[in-house]
Every structure is written in structure tokens, then in C-alpha cells.
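Notes follow once the structure below has been shown.
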Ligand code: SAH
Ligand code: SF4
Ligand code: F3S
């Protein structure tokens, strides 16, 4: 399964813009419609730059997970084509927050930032402030922003990020007379728009969406409500994108989906995730494959087998546990028991003995007793995760768990959370210590921020390593001996590549 289609290289995009005729009415089909608005905006932006005698700057801030990070790269790609330069400064002409709402504190962060922006907008009244992402899919959030944050210009959701050019043009054509907030949030979509620009954060690695949305409805989780139903991309489109990235210098891809293990089920010609991985493995020039997230209920024997024999799939698996209590897993709607999870871990370790296992755990889910919590601690002790993301349960409006009685008192949750964190850290420290002295293949990612004589890279197991080297090695895989473990990262020594 291979294709020669070049989905996203710069020349192809320029050629597409070139042949777009903006004297005609806008096309009805995507992505042609967006190329039309990008071309129109180019003229608007050019004029604005001449008028101001300086470049126009876009600041895109991303909250939340890898899905949002990838969405932001797509928006950045479109903004670049239009003629904006990227900046980290708040003194931008276009400022976008791509938001997350998985836990309450994600929302609080965004409100805090919006408050601070008021002064920025007074300084530059023509600045466009836009909000998108998961939080915007909640009607009560949009209502609150309309009422209390009148300085916001554009709000859109998770389903129409590809429309940024169209939305921005419509807003800019309005300004500065109109102070009306432009709100375009869709409840859902079945459409996947391909062949638009994107701007990768790293030249040598990238996330690749293989599917969107989630059908699992874990009872605590808001994601299915804000990201819609599960939709898989066609394998040909995924492979074309990866092949194009590889030609452009990418050596590592991270295949992204809320539950990659159910990839392909809704395609006209169903394809399993394991089959997709085998195709990605064949892409020449690609060195590493990662993926996330894997729901334990759908992790097949076929996938374990493929992982066992693959040369390119990294020795790392993120397998969210959420809780070790079978009783709570049932009320969480997770469709596996403590025993199922432990058996799965045994199978994976048998096939891939050196695999690094990471997980997500929620503390204080409604009805969690001390016994339930001890079951979680027991799984953590038995599995010995390399690392675990631990979360305090956060009540999300509209989810079944929010209506459950027996919410656990805050002080009890805090005490359990601290105990879990201490255990997780003790195990991580013990495990990282064991690797000291061993040689790992490390993908060099950047020059160390604090000490420019050092490089920073990642092992196949996703551990961070700092070691001496030269900036020109960024994007290459080099052997490094781990010398000292610092808990979350290692100090290492680079070995000659022939060794
Ligand atoms: N699709 C992925 C991740 C979704 S969100 C998966 O299924 O694993 C990432 C993590 O946030 C989840 O794994 C869960 O541990 C945590 N999370 C989700 N909703 C939460 C909530 N209401 N309170 C606390 N943590 C939550
Ligand atoms: Fe949320 Fe569950 Fe879907 Fe993950 S699988 S996104 S936790 S509903
Ligand atoms: Fe957050 Fe949306 Fe991701 S809610 S975790 S950004 S899917």
C-alpha cells in the first residue's frame, strides 16, 4: 500500500495557490475553498504589512494533548502561507489559544490568560484574539466568554480548524468598525479535510493523526463530547503524509488517536491498527514509530505480535490504567478488569521484554474507597511503570460521573494522590537506576537550553538523555552510554557510531 501523492510539500501548496482563481466565487468543496481564502488573505496581509512597515506576527499557544499540538501545527501552516510570522510574544497581530478542557484547571488557565490580554488589546486595538479547541465545544464556555471577555474576536471549535483562513478573512473584512465576536462552533462532523499546509514544530519528528474523535465514553471523560465520534483517515492518506514528511527530513512519527487500537473499524474497507503499523514500518527512511493512546480493552494479540517483531516501533507503550479496582473500572465504563490489565502487561512484556510502560491514573473517582485505592497501588507495584501521569479526578459537566453520588472528600483525595505519587516516583527512580551503564540508541532532538555544549535526545523507551555533542547531529540517531540517572532524565556519553 504505497502512493506517490505528495500531500503537503511547499511547492505543491504554492502551485495550488497559484492556480486558484479569486475572481470567481469561492469553491464549495474542501480544501479548494480554503486555498481560495488563503490567497485572498495574502493580498490583505501584504497591504497591511506595507501600511505598518513591518511584518505581521501570529502567536499560537497550545494547551492539552498531542492532538491539540498537531492541530496547532495545521493552523500555523495556514498562517504561514497567508504571510504571518510566528512569535512567542503576546505583542502579536493574531493571538490564538488552542484550548483543552479535560480537567477543570485546564479551563482556569485559559480564563487567567484572557484576563491578562485586556491590556495588550488596548495597546494594539487591531490585534485579533481567537480561541479554538476542546473548551470551545462547550456551550456554557462560549456563553461565559461572550459575556465576560468581549475582547475575543473569533471562536471556533475542534471540527473546523481547517477553516481558519475563511474565518480570519471574514473577521478582517469586518474590522475595525465591527466589534462583533465571530463564533463558529460545530457539534460534530463526518468530514476529514486532507491536503492543507502544516508547519511542524520539529524538522525531524512529527505527530500524524490517524483518527479523530472517540466512541468510548469513559464515564469521567469529556473528550467524546468535544471531539465527536471516531473517524479514521484512509491508510493511503496517512502513508502519503508520512512519506512526504520523510522526504522532508522526518525520522520519527507519532501516530495519534484517542484510541489507536480501534483504528480503521469505520473505514469502507476496514484495516486494523496492526496492519497500518506494518505499512508504516515499510516507509523507507523512517527510523522510529511511536503511537498513542492505546485503550487496554482493544489492544489485540496481533498488535503485540507486530510490536514484537518490528524494527522501528519504539520500545515504549502508554497504556492508561485509570484505576486498579475492577469495581471502579466498571463504573468508569472501561471494559476491562484489574486481572485483564495485568494479563495484558504480561503478554506485552513477553513479546517485548525491554518495553518501557507508562500509564495514566485517576485518583478520587466517585465512590473510590480505601480498598479501591489500594488495588490501584497494587497494580502500580506489580507492573512497575516506568512513569505514570497521576490526575486528581475532576468533575466534568455533562459526563455520567459528574452526576454520581459519593464524590470523595478533597482531603482524602489529596492524601491518596500524595501516596500514589511517592510510590510512582520511587519505582521510576529504581527502574532508571538499573539502566545506568547500558548503551541506548538516542534520537538527538535539540541543543540543551541551559548548557549549549550538551545535546538532548530521547531513547527508544522515551527517556530523556543529555550528553556532549554537536548541533549538526540534531535529527540523527546516535549510541549513548547512560552514565547517571537523575530521576526523570539521564546524563550520558556519546559513543562512536560504529560501536
Ligand atoms: N484517550 C486517551 C487520553 C484522554 S485524556 C485515553 O483514553 O487514555 C488523558 C487522561 O486524562 C486520561 O487518560 C485520564 O487519565 C485523564 N482524565 C480524563 N478525564 C479526567 C477527569 N475528568 N478527571 C481527571 N483526569 C481525567
Ligand atoms: Fe476519554 Fe476514554 Fe475516550 Fe480516552 S478512551 S478519550 S479516556 S472517553
Ligand atoms: Fe484536552 Fe481536548 Fe486533548 S480536552 S486532552 S486537548 S482532546
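Derivation of every value follows stated rules applied to the coordinates shown; laboratory data play no part. Just so you know, these numbers come straight off a predicted model, no measurement behind them. No Cβ is skipped: glycine too gets one built from the backbone with ideal geometry, and neighbour counts run over all protein chains shown.
Listing for the model above:
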item: Computed Rg/Rh of region 80-143, alpha carbon atoms with Kirkwood Rh; result: 1.00
item: Pair-distance profile P(r), taking every C-alpha pair of the chain, with 20 angstrom steps and integer %; result: 21, 54, 25, 1
item: Cα gyration tensor category, rounded, prolate or oblate, for region 44-120 with a/c compared to 1.5; result: oblate
item: Exposure proxy order (Cβ contacts within 10 Å, fewest to most) of 376, 369; result: 369, 376
item: Principal axis box of region 191-325, alpha-carbon based, largest edge first, Å; result: 45, 34, 31
item: The chain: angle of helix 410-435 to the longest principal axis, Cα-based, in degrees nearest 10; result: 70 degrees
item: Global geometry of region 353-397, whether rounded, prolate or oblate, following the gyration tensor of its Cα atoms and the 1.5 cut on a/c; result: oblate
item: Helix-derived mean residue ellipticity, 222 nm - over the chain, DSSP H n ≥ 4, -39500 (n - 2.57), to 500; result: -11500 deg cm²/dmol
item: Residue 300-residue 370 pseudo-label distance in nm [points 7 Å out on the Cα-to-Cβ vector]; result: 4.5 nm
item: Order of 293, 397, 459 - criterion: other Cβ atoms within 10 Å of each residue's Cβ, fewest first; result: 397, 293, 459
item: Cα→Cβ-extended label distance, 7 Å offset, between residue 333 and residue 269, nm; result: 3.4 nm
item: Stokes-Einstein D for region 302-432, Kirkwood Rh over Cα pairs, 4 °C, 1.567 mPa s (µm²/s); result: 83 µm²/s
item: Nearest-ten-degree value, helix 164-174 long axis tilted from longest Cα axis of the chain; result: 40 degrees
item: FRET efficiency estimate (nearest 0.05) - Cβ-Cβ, residue 180 to residue 122, R0 25 angstrom; result: 0.85
item: Degrees separating the helix 139-148 axis from the principal Cα axis of the chain, which is the longest one; result: 50 degrees
item: Per-pair calculated FRET efficiency, R0 = 41 Å: residue 85 and residue 282 via Cβ, rounded to 0.05; result: 0.60
item: Overall dimensions of region 431-499 by Cα: Rg and Dmax, Å; result: 10.7, 32
item: Relative compactness, region 112-163, computed as alpha-carbon Rg over 2.2 N^0.38 Å; result: 1.16
item: Efficiency of FRET from Cβ geometry, residue 493 and residue 429, R₀ 22 Å, rounded to 0.05; result: 0.55
item: Residues of region 178-202 with amide N under 14 Å of a point placed 7 Å along Cα→Cβ from residue 9; result: none
item: Cα gyration tensor, region 144-252 - rounded (a/c under 1.5), prolate or oblate; result: oblate
item: Theoretical gain in end-to-end length, residue 192 to residue 49 [0.36 nm per residue, Cα-Cα removed]; result: 48.1 nm
item: Sorted by Cβ neighbour density within 10 Å, fewest at the top, the residues 33, 396; result: 33, 396
